[in-house]
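Engineer: Once you've had a glance at the structure underneath, I'll fire off some questions.
The values are calculated or read from the model by the stated rules, or taken from the named source; none is laboratory data. The model shown is predicted, which means the values in this text are computed figures rather than measured ones. Here the Cβ positions follow ideal geometry from the backbone for every residue, glycine too, while neighbour counts run over all protein chains shown. What goes into the accessible areas is simple: the full protein's heavy atoms, side chains included, and nothing from ligands, DNA or RNA. Shrake-Rupley method; radii C 1.70, N 1.55, O 1.52, S 1.80 Å.
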Amino acid sequence: MSASGNRLPVEFLIAVAADAKPGSAAALMAAEQARERSGDRQVGELLEALLRGPFQESAPGWMLTAALAEGLRQEESEYRAQTTVELAALALGHPDLDGELLAEALRDCSAYRLGMLGTADRPPVLTVAVAAELQRRVPEPPHFTSAMLKDRTAAQEVLRTGHLDDRVFDAAAALLPGAPERALADGEDLTEWSKRFQAEYESWKQMWRAVLEQQPDRHARFTSATNGTEAHSVIERELLGSLPWMVDPELLRRIALADLDTFDTAMLTVRICRAVADGVSRAAARERFAAELAALDDGERQEIDFYVKDDAVLGPEFGVRSAVLWASHSADGRWRLILDPAEAKPAYGVPYPWRTPPKELADLARRFALVAEQALHTWQPKELYGISRAADLRWVYAMLVHLPEVTAKTRAAVQLMIRDARRSSNRPRSHRHQEYEDHQQFTKLLADITRIVADPLPQPSATRRAALGDPAEVTSRQLSVAEPAVLTAYLDQHTGNDQLVENALLSCAQRSSYRSEPVFADVLARHSDPQQALRTLTHDLRRRLGGSPNDRESWTRHVLAMPDHNRETVLALPAWTALTVGGPRYRDSIHPAVLALVITALGDDPHAWQRFADSPISHAGATAWLRLGEVLDAAAHGTPWPKPPTSR
């Protein structure tokens, strides 16, 4: 059937093709139109409709050739590859396509397009051919070089596509570049080789990080496929340390617990090295711990031999720090995000959503803290200088935050570390940005750790991250920025401490408007003598509170909002503020309790009222702190105006 000369709309032909039955007149007409319109802009859409519809099981050679040419002709872009590759995929996966033509077409495809043709929704004949073409391009996995981060191999390119067919995925994963070559290049000395190898190894880890990020549903398959290889440990460390939020919870837990098990080797190293340091010969020490050494694998034994072999470069005096170094490196590296999940975020972005529930993350952090606590009790001060890097303290802070209970023994050990850290705090520092930033973090960590162990009473683990420290040293300003739950727990913990309650009352006046809790009256009720406390604090307000007019006004509002107004307390308020703050439940410019006291004090004496109008009270400066009662007395009796209360 020829439709020569009849140029039907392509949109109509596509609809016909989608609805036509194989061999029907409509299907043949649409096919003939497609054949005659070779080269038209929309012919690809028509061919795709035909191959998805009436010609899905059987198609003439010209149609497959045309679809293949049109599909592979389209401009390739990774942003639109999914749409541009569909027509080619239909032709390449068609049962009537010749096998040699299939192989030849795939050889002409880019590696990225090869990945798009190898997804799980493609026909088996196509995915098998894609896997074969990939193996043809990469017969053996090459050694990684830094250039491969940019000039990716075919296997790397294919793995940039998600939802790959298992056959394609397995072929690509098996052909990824292996570890960098360890042999020295011609004319390369050991120092040059070391720098080059270290840089290439870091780049190799970056390659794996990118692959794991692009294949989030294949993490377990990667770990099982690489078991026993050098890549296996790199993969697990990247999943644990770089991308833990996207890892399946069960897999993340397995990797994390296996990593915690490696701490046993560090502790055994400490025990053996300490025995040598105490005078036992190296041979005798190895004999003493022979049973435990025999249970280790070769790699673990080499870690210990590094310190206790007769020709060891680093002696046992370094090995006694193995447990501390394990905890420090872990908290500063591969455990850092699990210990503080909010840190898992892009620069200036919101945190990533985690697949692992918060309760599971908290349990892993608790397990790490218990291990770190063991390391803490092996710590000894350095001889020359105290600890001085943020990494020296980060693991201690994480341990304190996540431990179920901070025991007296642990608290005492941390206090020794604090003393050691303070030895180095005044040492001259480099002005280089990186070292300056590290010192800033070190200083903050030291302050946070000091607050946690300064409190003589045990703290709930949920509030330790915002620990407020010793109640005898905490200030109202520090209390004012604490989260309401933290402050409430702190007050509950130190029940009966009137000085702390008074500071908490003052902090209510210093809190930002969006931090309205806790309720002033609830805090006041914790005091052994609430009314006396309120009178004393109000009378000494400039000395105890100071601060801005906003703080002064906030205190006044809190006092006037109380249900019972003690006369002495109201008269002790700053005069200007008392006359201009009506309290939260009143719309008047003056609170009724204040107005009543003013009328009672001045009575019907016009001279007293005039003197009161001429008083030196003001909204700012020292005279803003003049007490209402003292100003009223001077106005009523014609005595000299009082001096402002001192700020000290």
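Engineer: As a check on your grasp of the helix formula, calculate [θ] at 222 nm for the chain: sum -39500 (n - 2.57) over DSSP H runs of n ≥ 4, divide by the residue count, round to the nearest 500.
Structural biologist: -17500 deg cm²/dmol
Engineer: Turning to a different aspect of this structure: Which residue, chosen from Ala199, Leu106, Pro518, occupies the Cα position most advanced towards the positive end of the dipole of the chain, where the dipole is computed from +1 (Lys, Arg) and -1 (Asp, Glu) charges on Cβ about the Cα centre?
Structural biologist: Pro518
Engineer: At R0 = 35 Å, how high is the FRET efficiency between Glu100 and Gln214 if r is their beta carbon distance? Nearest 0.05 is fine.
Structural biologist: E between Glu100 and Gln214, to the nearest 0.05, is 0.60.
Engineer: Continuing with this model, one more query. Check cross-link reach from Lys21 to the aspartates and glutamates: straight Cα distance under 14 Å, and skip same-chain residues fewer than eight apart.
Structural biologist: Lys21 reaches Glu57.
Engineer: Assuming R0 = 22 Å, what is the FRET efficiency of Asp363 and Thr262, from their Cβ-Cβ distance, to the nearest 0.05?
Structural biologist: 0.70
Engineer: Checking the cross-link filter: which lysines have an alpha carbon closer than 29 Å to that of Lys359, excluding same-chain neighbours under 8 positions apart?
Structural biologist: Lys345, Lys409, Lys444
Engineer: Shifting gears a bit: If you take every residue apart from Leu260 with its C-beta less than 13 Å away from the C-beta of Leu260, what net charge results, scoring Lys and Arg +1 and Asp and Glu -1?
Structural biologist: Working: positive: Arg253, Arg254, Arg334, Arg366, Arg367; negative: Glu236, Asp259, Asp261, Asp264, Asp363, Glu373.
Local charge sum for Leu260: -1.
Engineer: Next question, about the same structure. Stretch Gln135-His377 to full length: gain in nm at 0.36 nm per residue minus the Cα-Cα span?
Structural biologist: 81.8 nm
Engineer: Between Gly178 and residues 5 or more places away or on another chain, which pairs have amide H atoms under 5 Å apart, with H built 1.01 Å from N, and which residues are they?
Structural biologist: His143, Phe144
Engineer: Let me check I've understood the local charge: for Lys195, count other residues with C-beta under 12 angstrom from its C-beta, Lys and Arg +1, Asp and Glu -1. What total comes out?
Structural biologist: Combined, the nearby Lys, Arg, Asp and Glu give -4.
Engineer: May I have the extent of the alpha carbons of the chain along their three principal axes, as whole Å values ordered from largest to smallest?
Structural biologist: Per principal axis, max minus min of the Cα coordinates gives 118, 88, 41 Å.
Engineer: Report Val401's accessible area, 1.4 Å probe, all protein chains in place, as a number in Å² to the nearest 10.
Structural biologist: Here the residue's solvent-accessible area equals roughly 10 Å².
Engineer: In the neighborhood of Ile418, defined by Cβ-to-Cβ distances under 12 Å, what is the net charge if each Lys or Arg adds +1 and each Asp or Glu adds -1?
Structural biologist: +2
Engineer: Kindly rank 503-509, 235-241 from highest to lowest mean number of other beta carbons found within 10 Å of each residue.
Structural biologist: Going from most to least packed, we get 503-509, 235-241.
Engineer: Below 8 Å between Cα atoms, with a sequence gap of 6+, how large is the relative contact order for the chain in percent?
Structural biologist: 5 percent
Engineer: Okay, moving on. Between region 232-257 and region 524-575, what is the separation of their alpha carbon centroids in Å?
Structural biologist: Between the Cα centres of region 232-257 and region 524-575 lies a distance of 55 Å.
Engineer: I would also like to ask the following. What is the projected area of the convex hull of the Cα atoms of region 181-294, averaged over all directions, in nm²?
Structural biologist: For region 181-294, the mean projected area of the Cα convex hull comes to 10.5 nm².
Engineer: Related question: Rg/Rh for region 168-226: what does it come to with C-alpha atoms and Rh from Kirkwood? Spell out each step's value before the answer.
Structural biologist: Numbers: Rg = 14.5 Å, Rh = 13.2 Å.
Here the Rg-to-Rh quotient is 1.10.
Engineer: Still on this structure: Arrange the residues Lys382, Lys359 by how much accessible surface each exposes, largest first, with a 1.4 angstrom probe.
Structural biologist: Most to least solvent-accessible, the answer reads Lys359, Lys382.
Engineer: Ignoring ligands, DNA and RNA, what percent of the 1.4 Å accessible area of region 609-648 is carbon and sulfur?
Structural biologist: Result for region 609-648: 55 percent of the exposed heavy-atom area is carbon or sulfur.
Engineer: Now for a separate question. Place the peptides 342-350, 95-103 in order of packing, highest mean first, counting for every residue the other Cβ atoms within 10 Å and averaging per peptide.
Structural biologist: Taking the mean over residues of other Cβ atoms within 10 Å, the ranking is 95-103, 342-350.
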